[in-house]
Amino acid sequence: MFPREVISVGSLVLRVPGADDADAIVATCDDPVSARFLPLLPSPYTRQDALAYLARAEEKWDEGAAEFAITQDGRYVGAVGVSAPDRWGTVRLGYLVSPWARGKGVASAAARGLSDWLLDHGVARVELEAEVENVASLRAAYRSGFTEEGRRRDAKTLRDGRRTDVVTFGRIGRDPAGLWEPFLPFFAGGELSDGVVCLTPMTVDDAGALHRMLQEPSVAQYGVGAANSPADDERRCRYTGYFWVSGQRVELAIRDAGTGEFAGHIQLVQIVPEFGQAMVGYSLTERFRGRGFMTRAVRLLTGWAFAETPLHRIVAGTEVSNTASQAVLERAGFVREGMRHKLLPKAGGGHADELCWVLMRPDAGEKS
């Protein structure tokens, strides 16, 4: 059984919740974001629900678990708690941040401070999970010293009945204590634009346009692998934030900066931090071709990558017959680096040669 201690974590204080917190708990749990990512919360959330939660929190302490209110300058800003240790000394941690305290590192600080406290009190392993679309929670998990350990497909049911994937994390005593820094920082302001083209993270609202573009014959002829279903492309768009925050890839919609209309897709994939290398890939809808959109998009993305990440080498591959894509790369500053024979599988059978391209960081000193 854990001691009912007060835990100080920087400017935060974790303490046992009490009746004085009820109104703040209602405001926190009746918030649309809380309701979206915590489908088991009552909605609407009432004062009676808050009082029931406080009673259950007291029971949790008696059962060997722990439940804390997170406060800052005496004000309630969220909650964090853990299950009772199982037979192997493992606990499961969860957190919730009030709307007025989001975006300030509260969840990551509380999760790190509480997991430190738990490990100091003999817990062998702390686990937590986050829905794949809950980018704020994913960032908090990485920043609080947890290591991603896998994904559970269709692990939860949302309020609308849709199944969703969750990402699992764990922390043990021998994990490094240093603070996490993202390999791929988010765009400042949420987008990149040169006034003609705008690049924004893909969202589920882009899934239909993405799927239609990928079905266009001029795009599909250069695709690799089986064609995706609409559900596959929707799932890909729902994963955009997770792919980015975990450092795996960047998936972007190319938009007409004047109208916001979806014009195409560009991605940074096959990211290898040890080599400082990534690959760029792209497709453009037929109606936006011939206007320089893709060249602009490639320049925007590669310029950001060299300015904001440690990457010093961005590569691309084009089928030898795809002269339009080769022209884009040449205009964006890429140079040919070689040929890989019979690499790309073709839908009708056989394989095509691939031309290899590279763009190096333009400055002499590499970002470290």
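The values are calculated or read from the model by the stated rules, or taken from the named source; none is laboratory data. No experiment lies behind these values; they were computed from the predicted model shown. Because the Cβ atoms are built from the backbone with ideal geometry, glycine has one as well, and the counts that use them run over all protein chains shown. Areas reflect the complete protein model, heavy atoms only, side chains present, ligands, DNA and RNA absent. Shrake-Rupley method; radii C 1.70, N 1.55, O 1.52, S 1.80 Å.
Placing a label point 7 Å from the Cα of VAL269 along the Cα-to-Cβ direction, the residues of region 316-343 whose backbone N falls under 18 Å of that point are 316-320, 322, 325-326, 329, 340, 343. Per residue, the accessible area of the chain comes to 49 Å² when a 1.4 Å probe rolls over the protein heavy atoms. Inter-part distance, region 1-38 to region 152-218, computed on C-alpha centroids, equals 28 Å.
Sum up the lysine pairs in the chain that clear both bars: alpha-carbon distance under 29 Å and a spacing of 8 or more or different chains.
Working: LYS60/LYS104; LYS60/LYS156; LYS104/LYS156; LYS104/LYS367.
Pairs that pass both the separation and distance tests number 4.
Computed over the chain, relative contact order equals 10 percent, with contacts defined as Cα pairs under 8 Å that lie 6+ residues apart.
How much FRET efficiency would the formula 1/(1 + (r/R0)^6) give for MET1 and ALA307, where r is the Cβ-Cβ distance and R0 is 51 Å, rounded to 0.05? It would help to have the intermediate numbers written out before the result.
Numbers: r = 52 Å, r/R0 = 1.02.
Efficiency, rounded to the nearest 0.05: 0.45.
Computed over neighbours whose Cβ is under 13 Å from that of GLY260, the net charge equals -4, Lys and Arg +1, Asp and Glu -1.
The alpha-carbon positions of region 257-368 define a convex hull whose volume is 123 Å³ per residue.
The simple Förster model, with R0 at 45 Å and r as the Cβ-Cβ distance, assigns LEU40 and ARG291 a FRET efficiency of 0.40. Remark: region 210-311 is approximated by an ellipsoid whose semi-axes, taken from the C-alpha gyration tensor as √(5λ), come to 22, 18, 13 Å, largest first.
Taking every alpha-carbon pair under 8 Å whose residues sit at least 6 apart, region 70-227 reaches a relative contact order of 15 percent.
Normalised by 2.2 N^0.38 Å, where N is the number of residues, the C-alpha radius of gyration of region 229-288 stands at 1.26. At 25 °C and 0.890 mPa s, grab the translational diffusion coefficient of region 101-238 from Stokes-Einstein with a Kirkwood Rh over Cα pairs, rounded to a whole number in µm² per second. D = 137 µm²/s.
Under a point-charge model restricted to the Cβ atoms of Lys and Arg (+1) and Asp and Glu (-1), what is the dipole moment magnitude of region 77-206 relative to its Cα centre, in debye to the nearest 20? All intermediate terms of the calculation are to be shown ahead of the outcome.
Details: 17 positive and 18 negative charges, 103 e Å.
It works out to roughly 500 debye.
Any idea what log10 I(q)/I(0) is at q = 0.06, 0.15 Å⁻¹ for the chain, Debye with uniform C-alpha scatterers and no solvent? Debye curve over Cα of the chain, log10 I(q)/I(0) at q = 0.06, 0.15 Å⁻¹: -0.29, -1.27. Extension gain, ALA155-ARG174: 0.36 nm per intervening residue step, less the Cα-Cα distance, totals 4.0 nm.
The modelled label-to-label distance for the pair THR323/ALA188, using points 7 Å beyond Cα in the direction of Cβ, is 4.1 nm.
222 nm [θ] for the chain, helices only, -39500 (n - 2.57) per DSSP H run of 4+, per residue, to 500? Don't skip to the end; give the middle numbers.
Values: 11 runs with 107 residues, N = 368.
Roughly -8500 deg cm²/dmol at 222 nm, from the helical runs in the chain.
For region 51-142, the share of alpha carbon pairs falling in successive 5 Å distance bins from zero is 3, 13, 23, 24, 20, 13, 3, 0 percent.
Subtracting the Cα-Cα distance of VAL204 and TRP88 from their residue separation scaled by 0.36 nm leaves 37.8 nm.
Give the peptides 46-56, 174-184, 308-318, 292-302 in descending order of average Cβ contacts within 10 Å, highest first.
Details: 46-56: 14.8, 174-184: 11.7, 308-318: 19.5, 292-302: 22.0.
In descending order of packing, they fall as 292-302, 308-318, 46-56, 174-184.
Heavy-atom surface analysis with a 1.4 Å probe gives region 21-163 a carbon and sulfur content of 49 percent of its accessible area.
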